[in-house]
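> Below is a structure I'd like to ask you about.
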Amino acid sequence: MAVTLIKNGHIVTAADSYVADILVEGEKIKAIGQNLPADGHNVVDAGGKYVFPGAIDVHTHLDLPFGGTVAADDFYTGHVAAAFGGTTTHIDFAIQGKGETLKQAVENWHARADRKAAIDYGFHIAITDLPESVMREIPKAPDYGVTSLKLFMAYKGSLMVDDGTLFNSLMVARDSGMLICVHAENGDAIDVLVKKMQAEGKLEPIYHALSRPHFAEAEATARAAALAMIAGSPLYVVHMSCASAVEQLRWARETGAPIMGETCTQYLFFTEDDLRKPNFEGAKFVCSPPMRTKFDQDALWKAIAVNDLQAVSTDHCPFNFKGQKDLGKEDFSKIPNGVPGIEDRLKIMYSYGVTPGKISLNRWVELLSTNPAKIFGLYPRKGTIAVGSDADLVIWDPNKEQTISAFNHHMNVDYNLYEGWHVKGMPEKVFLRGRLIVDGDSWYGEQGKGEYLCREKFSHAM
Ligand code: URP
Ligand code: ZN
Ligand code: ZN
């Protein structure tokens, strides 16, 4: 069994910060302590570097057919990019097609991932069709390793479900240890606004944002929270983008209800003005919910700092500017919704969140690794550095600098949202279950070596 000794690293978890050695035996952390003997093991010097638990991105869409095309990263390219950014685990959305069982949805996503996976992964099931037979199948989802479901309150005519469906699922989920995740936007109101803008000839990318007002997100968030509270069910609101929606979440949480939410990196850094960029460049920033305002960004930063929001993920759903985003050149509603980011999350949140003091280093680990692991049934196997945990470790060089660009990123997409942004602090070495998969610019991971994670039932409300 391979044994590696990581020496003198500055270990940072959600709770601790200390210098020690980590002994990795096989796939697990075997010991943590001072001056552990080298005993002929493979020794990695981490002096002057941080050691973090591998990050977990609980909101991704690899190989997703969506908006008339397919997301540009598959389970291999997306995993390579994730690993270079310090993410060693993600949870992707297996979308249930109309008429499909949940089992079929999971099998379809296994077929996409199994032979390509190079980091560890799990699935949520995104439910789009809920006849009685599928409702009866929900309690079986943990047998497939899936303990969370996503329901869409938006995308009318394709993915959206009605309130009865959402409410029924919340009740069934409550009884079977499942966590319901919602995309909270009022799809009916948005549908009316989109048609109105089209009729008025308002077709540029900015109208994507203007047809999805923040009140549509706040209203749906409050509605989902209320339904969850009536059902007595936990709830996780994905990709929250605005102050008014976070306010609804805070109100629900103040009742003591197990209601949680995430934001995504992009909402902390971009505004709807980015959708006004000339030459159709605004399309690069089209995602749902849309980018909001500086006011909303400030509210989101505060919310992640004070635990009104519990996680930061990416909603990585990349579409090329040329050949995919341009499907909507004549009509914003045809621009495939989604942005890339699986590779950038740690670097951006470190340089523009930790370094300027907006969040602490411990909170950064908590938001990007520990809370996601706890909420989604992976803790303590993942999400921390502890004896017995998987040796998913990131050795982080706080002095290494980079200019982010589509020319040097690993994502299979022709642009980067953070093009030209300078970062200081980035991964130097990344270990997945004890195996070195990234070392500087070199890739040592392998297709098929990523493991499917059967997740525990929901138990950790944050
Ligand atoms: O625009 C987005 N967010 N695309 C991915 C699908 C979703 O709604 O999460
Ligand atoms: Zn969504
Ligand atoms: Zn998404």
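The values are calculated or read from the model by the stated rules, or taken from the named source; none is laboratory data. Predicted model only: the values in this text are computed from it and were never measured. Glycine also receives a Cβ, built like all others from the backbone with ideal geometry; neighbour counts cover every protein chain displayed. Please note that ligands, DNA and RNA were not included when accessible areas were found on the heavy atoms of the full protein model with its side chains. Shrake-Rupley method; radii C 1.70, N 1.55, O 1.52, S 1.80 Å.
> Just the residues that are in contact with a helix residue (DSSP H, G or I) (Cβ under 9 Å, 6 or more places away or on another chain), open to solvent by less than 50 Å² (accessible area, probe 1.4 Å) and either among the polar types (S, T, N, Q) or within 14 Å of ligand 1 (Cβ to nearest atom) (or both), please, taken from the range 166-183.
Passing the criteria: 169, 176, 182, 183.
> Would you please name the residue that is farthest from ligand 3 (Cβ to nearest atom), looking only at residues in the range 298-323 that are under 18 Å from residue 275 (Cα atoms) and open to solvent by 20 Å² or more (accessible area, probe 1.4 Å)?
By that ranking, first place goes to 322.
> Next up: Within the range 271-312, can you find the residues that are among the polar types (S, T, N, Q) and over 19 Å from residue 243 (Cβ atoms)?
279
> Residues that are touching an Asp or Glu at 6+ places or on another chain (Cβ under 8 Å) and away from ligand 2 (no atom under 16 Å from the Cβ), at least 3 per element: which helices (runs of 4 or more DSSP H) completely within the range 51-170 meet that?
Hits in the range 51-170: 77-84, 102-113.
> Just checking, which of 143, 114, 45, 120 is acidic (Asp, Glu) and crowded, with 16+ Cβ neighbours inside 10 Å?
Details: 143 fails: crowded, with 16+ Cβ neighbours inside 10 Å; 114 fails: crowded, with 16+ Cβ neighbours inside 10 Å; 45 fails: crowded, with 16+ Cβ neighbours inside 10 Å.
Of the residues listed, the single one that is acidic (Asp, Glu) and crowded, with 16+ Cβ neighbours inside 10 Å is 120.
> Is it the case that residue 101 is modelled with pLDDT of 95 or more, of a type in the set (Val, Ile, Thr) and surrounded by fewer than 20 Cβ atoms within 10 Å (Cβ to Cβ)?
Yes.
> Still on this structure: Specify the residue that is farthest from residue 398 (Cα to Cα); the eligible residues are those in the range 348-365 that are open to solvent by 30 Å² or more (accessible area, probe 1.4 Å) and outside any helix (DSSP H, G or I).
358
> Exactly one of these conditions fails for residue 186: (1) touching a helix residue (DSSP H, G or I) at 6+ places or on another chain (Cβ under 7 Å); (2) within 13 Å of ligand 2 (Cβ to nearest atom). Give me its number.
Condition not satisfied by residue 186: (2).
> Return the only residue of 441, 414 being open to solvent by 10 Å² or more (accessible area, probe 1.4 Å), over 30 Å from residue 175 (Cα atoms) and touching a residue at least 60 places away in the same chain (Cβ under 8 Å).
Within the list 441, 414, the selection yields 414.
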